[in-house]
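Structure incoming, see below.
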Amino acid sequence: MSPAKYTQTLFGRTGLTITLAFLVFSLFAVLVNVTLILRPIERQAADDLAALIELSTKTWVELPPATRTDFEREMRKSHQLRIYEAKNKIAEYEDDKAYLAALVDSLENRIGKPVALRKTDFSDDWLWVDIPIASRVLRIGFEAERMEVQIPLALVLIVVMGTLIVTLVSLVLVRRITKPLARLAEATTTLGQAQDHVQVPEEGPSELAELARGFNRMDTQVRELLANRTTLLAGVSHDLRTPIARIRLAVELLPSEQKSELEQGILDDLEEMDNLIGQAMEFARSLGSSKVTTVDVGALLLEIVGGYARGGHAVRLAATPGCVGKLSSNALRRVTTNLLDNAVRYSHEQPVELSCESDARSIIIRIADRGPGIPEAFRRVAFDPFWRMESSRNLDTGGSGLGLAVVKQLCDANGWEIELGESVSYGGLEVTLRLPLSTEE
């Protein structure tokens, strides 16, 4: 998943929010610690070292020469300080460390004279200060490792490790919450479908478990409602088709001398009623899911086009290799057939163009006719049941208004995208159908 899409998920947003909140808190804590704790401690440590240096120089001067060596040895052993009388000059040493600056300021305040840090060319381990006292210049050295307490690095490590630990813990906790929600969101795509259904696990925190139970109850009720609707429509269809068949038979059995234009009109009306019942049943069944298999879409379209050719309809197919994906072949056949029926009806015996191509993410099917098309203002409502641009119910000028409604329901149930537009090449309606190759990111 790309970073942009990741931050749009509840899991990504919650984890990112917790991480940023802790990062801001860590930076604030670092600022407070540096300002109110570490800087004062650093100045106090520098002042303590300055006081020790001042005391050592005064003690060295006052000691008898015979005992000074023992004192120097003790200072080296106990306080890691070297003391001796300076006989030569060494180069000054400049450094921007706050501790060294505080040490120099404290020494200058104590002895009332400028003090400079010095460093020998042959040793980087010691820093020196020359202290003038009693017509002498004493050189006192201390190990440079006294300044190797890397406070900035320590603070950075604390912030980084703290942020990392909190991020990992928060992601684990957030995942426990969002995983059931993700399962629930995935389950909504199969709401009410009869096949390939697995109920949402009723587990996790009590609130999420109760939400899953409620969803499962709702899903069961929707399935029962849809099943009852289909059964009801099937019964109505059967009950209506039986008297229709009897009426048709009675008309056919009329003596030939009694046959007239009225008889033919009755037969046409009965045929229209039978077609309407069949399309209503198709509309009712369109919410059900069908088995998903690997389908060669190009071969399926070629088979469909062959059926139209045998019926005397000109449908030209242009399919590129590689149009293969996992989908419901029955649903695709019904969608394509309904779209081609509309295209053939409105093309007025002119050829209908059918094409199929694929890219990295989807299979794209386009159907273009040479009819009058659908104005842009009506394209959204064109998928509504029983909607027709022509207000009459004459089958010669259009169908029952259920063809595109069935197509839309099947596309929604299978996660397909359908778009109505104008054909640039042929001037009629162009329908674009996109079949995702995979729903996984």
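No value in this document is a laboratory result; all are computed from the given coordinates. Source: prediction; values computed, not measured. All Cβ positions, glycine included, derive from the backbone under ideal geometry; neighbour counts span all protein chains shown.
To make sure I understand, if each residue's beta carbon is the centre and we count other beta carbons within 10 Å, what order do Lys87, Lys326 fall in, fewest to most?
Details: Lys87 7, Lys326 13.
Ranking Lys87, Lys326 by Cβ neighbours within 10 Å, fewest first, gives Lys87, Lys326.
Also: Using alpha carbon centroids, what distance separates the range 84-132 and the range 158-173, in Å?
Measuring centre to centre over Cα atoms gives 44 Å.
Which trypsin sites (Lys or Arg not before Pro) in the range 357-386 pass both tests, a DSSP loop state and at most 12 other beta-carbon atoms within 10 Å? Numbers along the way, then the final one.
Details: sites: Arg361, Arg366, Arg370, Arg379, Arg380; in loops: Arg361, Arg370, Arg379, Arg380.
Hits after loop and neighbour filter: Arg361, Arg380.
Rank these for me by crowding, Ser425, Ser56, Ser135, going from fewest to most other beta carbons within 10 Å. Walk me through the numbers on the way to the answer.
Values: Ser425 9, Ser56 19, Ser135 6.
Going from sparsest to densest Cβ surroundings: Ser135, Ser425, Ser56.
A further question follows. Straight-line reach from Lys58: which lysines fall under 24 Å, measuring Cα to Cα and dropping same-chain residues less than 8 apart?
Within reach: Lys77, Lys87, Lys89, Lys113, Lys119.
How big is the charge dipole of the range 290-436 about its Cα centre, in debye rounded to the nearest 20, if each Lys and Arg gets +1 on its Cβ and each Asp and Glu gets -1 on its Cβ? Don't jump to the answer; show the numbers that get you there.
Details: 16 positive and 17 negative charges, 77 e Å.
Here the size comes out at about 360 debye.
What is the packing order of peptides 338-344, 37-43, taking the mean over residues of other C-beta atoms within 10 Å and listing the highest first? Write out the running numbers ahead of the final one.
Details: 338-344: 21.4, 37-43: 14.1.
With the highest mean Cβ count within 10 Å placed first, the list reads 338-344, 37-43.
Among Ile140, Ala51, Phe28, pick out the residue whose Cα is farthest towards the positive end of the charge dipole of the range 3-151, where Lys and Arg carry +1 and Asp and Glu carry -1 on C-beta, about the Cα centre.
Phe28
How high is the relative contact order of the range 290-436, given as a whole-number percent (alpha carbon pairs under 8 Å, six or more residues apart)?
Values: 268 pairs, mean separation 33.7, N = 147.
Answer for the range 290-436 is 23 percent.
Next question. Grab the beta carbon distance between Met161 and Glu108, set R0 = 45 Å, and tell me the FRET efficiency rounded to 0.05.
Details: r = 40 Å, r/R0 = 0.88.
E between Met161 and Glu108, to the nearest 0.05, is 0.70.
Using the Cβ atoms and a cut-off under 11 Å, what net charge is assigned to the surroundings of Thr57, where Lys and Arg are +1 and Asp and Glu are -1? Walk me through the numbers on the way to the answer.
Working: positive: Lys58, Arg110, Arg136, Arg139; negative: Glu54, Glu62, Glu85, Asp130.
Counting the neighbours of Thr57, the net charge comes to 0.
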